[in-house]
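The values are calculated or read from the model by the stated rules, or taken from the named source; none is laboratory data. As the structure is a prediction and not an experimental result, all values here were calculated from the model. Here Cβ is always computed from backbone atoms with ideal geometry, including for glycine, and neighbour counts include all displayed protein chains.
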């Protein structure tokens with residue numbers, strides 16, 4: 001495997017799940033890292049672990065990207081520490097109806113999934129465009145192709161992430177940049193536990209591991225192929241069906257699924 005020399009990657013939501021796996025696999029490729037997450041202690045522990053194991057430079061940058069001031073700090077950091085790879089991974093799920101769920105929780109999701117993704121990406125682009133090289137990975141979801149009662153803002157914000165990535169890929173391709181929307185399905189991470197999802201209700205064949213999801217993402221990045229990456233053949237078929245099935249039928253099925261739950 002070719003080692004990347006003096007390359008710098010920034011990963012958000014880096015202490016758990018898909019974000020942690022991005023940190024591990026990018027470290028194995030030789031990238032120096034900046035890791036962003038809310039949990040200062042877990043960040044420091046992961047940074048020390050990767051520096052010792054891989055001999056790379058790792059910066060721990062504690063920040064809550066649902067907070068505008070913290071996002072501004074990371075934007076300022078990127079402006080003075082250009083990145084070769086930006087992984088916008090930070091996110092969370094929270095089941096609940098729009099009219100009932102806490103408005104603070106919904107605002108935080110929109111700021112994290114939409115505004116922070118936009119601001120960090122915009123901050124990283126000038127240096128990438130000047131070098132005519134760089135990669136941006138935005139973690140969206142299979143949910144971006146769906147509408148779901150009880151997960152309205154999750155589906156909507158992940159749809160923004162995917163369409164933003166697709167448009168940006170077209171806008172920057174002639175400048176040598178690579179942009180990817182990573183759209184995983186059910187993945188064994190802390191996200192589902194925090195969202196109080198009962199994994200036992202989902203068929204085992206739907207679940208993937210974070211290492212496989214990230215490996216497919218980075219393989220596509222290194223080959224500069226596929227703007228939209230859907231890990232796992234099962235989800236390729238699910239999305240194919242979802243895209244060509246009438247929307248009224250999708251709404252009917254998801255509505256019944258939510259009522260059954």
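Points to keep in mind about this one:
- Condition check for residue 174 on (1) out of contact with any strand residue (DSSP E or B) (no Cβ under 6 Å at 6 or more places or on another chain); (2) under 23 Å from residue 85 (Cβ atoms); (3) surrounded by 17 or more Cβ atoms within 10 Å (Cβ to Cβ); (4) at pLDDT 70 or above: one failure, at (3).
- Options 129, 120: the member that is within 23 Å of residue 213 (Cα to Cα) and in contact with a strand residue (DSSP E or B) (Cβ under 9 Å, 6 or more places away or on another chain): 120
- Every test in (1) in contact (Cβ under 8 Å) with a residue 60 or more places away in the chain; (2) in a helix (DSSP H, G or I) is passed by residue 11 save one, and that test is (2).
- Entirely in the range 17-107, the helices (runs of 4 or more DSSP H) that have 2 or more residues that are over 22 Å from residue 216 (Cα atoms) and more than 20 Å from the chain's Cα centre (by Cα): 40-54, 68-80
- Only residues that are in contact with a strand residue (DSSP E or B) (Cβ under 9 Å, 6 or more places away or on another chain) and without any contact (Cβ under 8 Å) to a residue 40 or more places away in the chain were counted in the range 132-166, giving 2.
- Conditions (1) surrounded by fewer than 19 Cβ atoms within 10 Å (Cβ to Cβ); (2) modelled with pLDDT of 95 or more; (3) more than 18 Å from residue 66 (Cα to Cα): number failed by residue 124: (1)
- Residue within the range 220-234 that is surrounded by 13 or more Cβ atoms within 10 Å (Cβ to Cβ), at pLDDT below 75 and not in a strand (DSSP E or B) present: no
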